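Notes follow once the structure below has been shown.
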Amino acid sequence: MDEHDASPKGRAPAERRALRAHPALVLATVCGALALVSIDVTILHVVAPTIARDLGATDTELLWIIDIFPFVISPLLLSAGVTSDRYGRRAFLVGGLVVFALASAAAAFASSPQLLIAARAAMAVGAAGVLPSTMSLLRVAYPDRDKRVRAVAIWSMSSAAAAAAGPVIGGFVVEHSTWGAVFLINVPLCALVIIAAAAFVPESRSTRPGSTDLVSQGLAIGAVLAAAVAINSLAEHHVDLVLGGLVVAAGLGTLFVRRQRAMVRERRTPMLDVALFRNRAFSSALIAVALAMFAIVGLELQFARYLQLGRGFEPLDAAIALIPLALATLVGALLSPWFLRRLGHRAAISSALIVAGAALAAVAFAPDPVHLAVFAVATGLAGLTIEIAAVGANDLIVSSAGLHEVGGAAALEEISYDLGGGFGTAVLGAIAVSAASVTEGFHAAVIASAVILAVAGVAMILTLRPARAAAAGPRH
């Protein structure tokens, strides 16, 4: 057992008391940090048409404004996770928030699509220091699995609620101010979370952190960015860039995996312990998170686009139409521990994904214009069930990792979330803009998401083993 993560041994008395007395304060602080970053993933969805008009952004530039955040943060997360394990998780949390706040201020005053893309990329760098630290600190504060499941549900609820509320907040702000205000509000909120972290969150490190190997980091960054170029090139039908990017991404990804295995054989500490993927629960949970986020995060932009450009809604009206989705994710997070206890992880995750696919299919095949009641009920049901699946998958990921691997495991979870959402936005966006009309593009994107969720649910039935899924616990 890692003494720095699981036991009070080796800690200063004050730090031991902090861990024992204030896990709820740690939870509240990390949820606040997570919510700030999660909102930024979706807040531009309703604001996007306004940004495109004011900055003169093309469809492709608009996709990059939205997608640059997940595509930059994803390759940095693994390195940030293992580095925070080595040098201190609270330090990385605070440092990431500082960078995130400064970059948010720059984004608020961007005068061109290129400057906004650059500022969003800098925000992603800051967020990369925040996200792995939230789950790692939570894993340390709640060593008991039953308590941790509840804590993970709250953690996931804060992320899901913030992401779902992003379009609502964005719509409200842009109706009463300029689009830059959606970034500027991050500055004081980051300051509050930094103060809370300094006051309530004790520092923690791992005695066996992963490697910060620069070659491995370069390979990971190259693989993700090559895939990003490939996927975003779909919108303009650049087949050569799509195929070339995918080939480069696959090649660099293969080299990355081989390097990690070689480092293990040489008895060096790898950046990523690829042996984690031998755990079927761990690998399946990562896939579940990625596909669920592909479907729902990718669709949120299309929901907003359809309501504003296809139905003529104002930004705030479109945001209000998305409130059932936001509220349903909260309910899903609250109900998820009960579903997981009653059904087990395998049944809960698989059935939730299948039901979510069916709910989206109801929207896809509804007569146009889709009745708002049908839209609200179907998207709400999809949000609720996807959140249940996400909580179950998150618990499998963190519980399948050893205490000394929790930073890397948390980073992989966040990578799956961000890459899934980023690729979903790009692919579904390409499908939507390629259609003859906004309405046809909307229905095509929703059908694609419904199919993906249904396939993901069936895949979880086939890949998750009932006994291991229900009993997967941390390896010490």
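The values are calculated or read from the model by the stated rules, or taken from the named source; none is laboratory data. In this text, all values refer to a predicted model and were calculated from it rather than measured experimentally. Note: ideal-geometry Cβ built from the backbone for every residue, glycine included; neighbour counts use all protein chains shown. Areas reflect the complete protein model, heavy atoms only, side chains present, ligands, DNA and RNA absent. Shrake-Rupley method; radii C 1.70, N 1.55, O 1.52, S 1.80 Å.
Segment V247..R267, full-extension length gain: 4.2 nm, with 0.36 nm per residue of separation and the alpha-carbon distance subtracted. Per-peptide packing, taken as the mean over residues of other Cβ atoms within 10 Å, places 340-353, 261-274 in the sequence 340-353, 261-274 from highest down. Couplings for the stretch 238-243, taken from phi via the Karplus curve 6.51 cos²θ - 1.76 cosθ + 1.60 with θ = phi - 60°, read 7, 4, 5, 5, 4, 5 Hz in order; Gly and Pro are left as x. Surface composition of the stretch 187-309: carbon and sulfur make up 67 percent of the accessible area, probe 1.4 Å. For D213, the amide hydrogen comes within under 5 Å of the amide hydrogens of M271, counting only partners 5 or more places away or on other chains and with H modelled in the peptide plane. Here the chain has an Rg and Dmax of 20.9, 66 Å, counting Cα atoms alone. Treating r as the C-beta distance of D317 and V458 and R0 as 35 Å, the FRET efficiency rounds to 0.40. Full extension of the chain between F365 and V98 yields a length gain of 91.5 nm, computed as 0.36 nm times the residue separation minus the alpha carbon distance. Farthest towards the positive end of the charge dipole of the stretch 289-360, among the residues L360, L334, A304, is the Cα of L334, using unit charges on the Cβ of Lys, Arg, Asp and Glu.
Length gained on full extension, T254 to V374, computed as 0.36 nm times the residue gap minus the Cα-Cα distance: 38.7 nm.
Reported to the nearest whole Å, the Cα centre-to-centre distance from the stretch 287-335 to the stretch 36-100 is 19. Taken about its Cα centre, the chain carries a charge dipole of about 2140 debye when Lys and Arg each add +1 at the Cβ and Asp and Glu each add -1 at the Cβ. The mean accessible area for residues of the chain, using a 1.4 Å probe and ignoring ligands and nucleic acids, is 37 Å² per residue.
Per-residue ellipticity at 222 nm, computed for the chain from helices alone with -39500 (n - 2.57) per DSSP H run of at least four residues, works out to -28000 deg cm²/dmol.
By how many degrees, 0 to 90 and rounded to 10, does the Cα axis of helix 44-55 deviate from the longest principal axis of the chain? Once rounded, one gets 60 degrees. For V215 and R342, the FRET efficiency from 1/(1 + (r/R0)^6), where r spans their Cβ atoms and R0 equals 41 Å, is about 0.30. Residues T425, T178, T60, sorted by accessible area with the largest first, give T178, T60, T425 [1.4 Å probe; ligands and nucleic acids excluded].
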